[in-house]
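The values are calculated or read from the model by the stated rules, or taken from the named source; none is laboratory data. No experiment lies behind these values; they were computed from the predicted model shown. FYI the Cβ positions are ideal-geometry reconstructions off the backbone, even for glycines, and counts take in every protein chain you see. Note: areas computed on protein heavy atoms with side chains; ligands, DNA, RNA excluded. Shrake-Rupley method; radii C 1.70, N 1.55, O 1.52, S 1.80 Å.
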Amino acid sequence: MWALIFLLITLSVVLGVIAIVLHKILSEISDKSDCKKNHKKSFSEHQRMITLINNITDAILSTDEHGIINTYNSAALNLIDTNSGINGEHISQVLNLETTDKKPIDIFKELTKSSAIRQRDDVLMKIEDDDYIRLEVTLAPVQGGDKMTPDGYVLILRDITKTKSLEEERDEFISVVSHELRTPIAIAEGSLSNAKLLIERKMTSKIPEAIDESHKQILFLARMINDLSTLSRAERGVADETEIIDVTELAAQINYEYSPQAGEKGLAFNLDIGGRLGVVKVSRLYLEEILQNFITNAIRYTQKGSITLSIKKNKSGEITFKVIDTGIGISKADMAKIFDKFYRAEDYRTRETKGTGLGLYVSAKLAKKLGCKIEVESRLNHGSTFGFKLKEFKNNDK
């Protein structure tokens with residue numbers, strides 16, 4: 001009897017132990033399963049994060065508290081110009097940066113300077129011997145837990161070379177425009193004030209001279225405003241829409257418009273076109289503006305002789321536009337600067353005319369919009385030729 005009871009007790013204990021062991025084993029299996037699921041989820045989240053930062057165009061680098069890189073995106077590799085991984089490297093060794101006044105920057109020291117997120121846009125990065133890009137840099141510490149010191153740092157670098165270049169060009173342009181406008185406005189104001197004084201003193205015989213000078217300056221301002229307006233529209237892409245233009249009809253239109261102006265100066269206006277010219281598909285405003293600038297310059301700087309608009313098509317389908325004059329020509333020293341804004345040659349004959357100094361600058365910008373380049377041939381006292389080439393448009397062209 002006692003043996004049976006003892007056996008039953010022993011069996012109960014064994015079964016209890018087995019139950020405990022099974023429970024533990026099942027718990028461990030469940031924990032491993034949950035761990036596996038959590039690991040899979042964590043890996044998925046990590047991959048999602050990597051995909052996200054790799055699709056950001058700004059360069060992103062993350063480091064530990066010692067400045068050792070542990071995460072980066074593809075834009076960072078593009079910026080550094082390498083295909084090799086940079087994990088485990090020190091950020092100050094990877095990034096060779098300096099300020100705009102050419103003082104070297106230790107980027108890790110810069111990261112550790114403050115516990116706040118900071119930005120600076122005076123950073124340069126050398127990409128070739130004498131070539132730099134301008135960067136906007138965001139420096140951010142990564143705070144973790146209850147520690148006072150950061151667990152690491154995040155660095156974001158954005159290429160702002162073009163933006164800064166445009167800003168500087170805009171500021172310079174505004175400064176130069178302000179300077180250039182000051183003279184004609186002052187002359188016009190002075191002439192009108194003089195006319196008013198002559199009227200008050202009843203010296204009416206000299207009034208037309210004062211009024212005429214004011215009128216000349218107002219026309220000068222009108223031409224400058226027209227040039228600036230055309231340039232503004234081109235840079236904003238307002239007139240980028242293309243249309244099919246019959247080149248022969250365009251030549252006839254220009255001949256009709258400018259023959260009288262040339263005739264007023266005693267100049268011949270010649271039209272030299274060859275055969276069937278076909279059509280081009282470009283912005284009409286840009287094409288007409290370039291030709292008008294060439295022709296008005298030719299008339300302005302030609303004292304005697306002729307102006308010729310030549311349009312020829314070659315066998316490969318290129319249409320060459322040229323404006324040829326017998327004017328004062330351009331010296332070698334001036335040739336390199338004629339497309340600079342507000343540049344006017346030092347030749348006294350150029351200074352005697354009322355050009356704005358913007359025509360060729362605008363023309364160069366518009367030519368770039370048309371996908372071509374202005375070509376110039378000139379010699380002092382032997383005239384000038386300004387030209388460019390456009391591709392003939394065919395019906396099967398896209």
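Return the residues of the range 109-136 that are touching a Ser or Thr at 6+ places or on another chain (Cβ under 6 Å), touching a residue at least 24 places away in the same chain (Cβ under 8 Å) and either open to solvent by 40 Å² or more (accessible area, probe 1.4 Å) or in a loop (DSSP other than H, G, I, E, B) (or both); say none if nothing qualifies.
Hit for the range 109-136 is R134, nothing else.
Restricting attention to the range 287-307, report how many residues are in a helix (DSSP H, G or I) and among the hydroxyl-bearing types (S, T, Y).
Number satisfying all stated conditions: 1.
Filtering the range 75-96 down to residues that are touching a Gly at 6+ places or on another chain (Cβ under 8 Å) and of a type outside the set (S, T, Y), which residue is most open to solvent (accessible area, probe 1.4 Å)?
Once the filter is applied, the top-ranked residue is H90.
Exactly one condition in (1) under 31 Å from the mean Cα position of the chain (by Cα); (2) open to solvent by less than 60 Å² (accessible area, probe 1.4 Å) is not met by K322; state its number.
(2)
Could you run through the range 273-295 and say how many residues are out of contact with any Phe, Trp or Tyr (no Cβ under 8 Å at 6 or more places or on another chain) and touching a residue at least 40 places away in the same chain (Cβ under 8 Å)?
9
When the residues of the range 339-375 are narrowed to those that are of a type in the set (K, R) and open to solvent by 60 Å² or more (accessible area, probe 1.4 Å), which ends up modelled with the lowest pLDDT?
Among those that are of a type in the set (K, R) and open to solvent by 60 Å² or more (accessible area, probe 1.4 Å), it is R351.
Tell me which strands (runs of 3 or more DSSP E) are completely within the range 186-286 and hold 3 or more residues being open to solvent by less than 40 Å² (accessible area, probe 1.4 Å), or say none if there are none.
Where strands (runs of 3 or more DSSP E) fall fully within the range 186-286 and carry at least 3 residues being open to solvent by less than 40 Å² (accessible area, probe 1.4 Å), they are 279-282.
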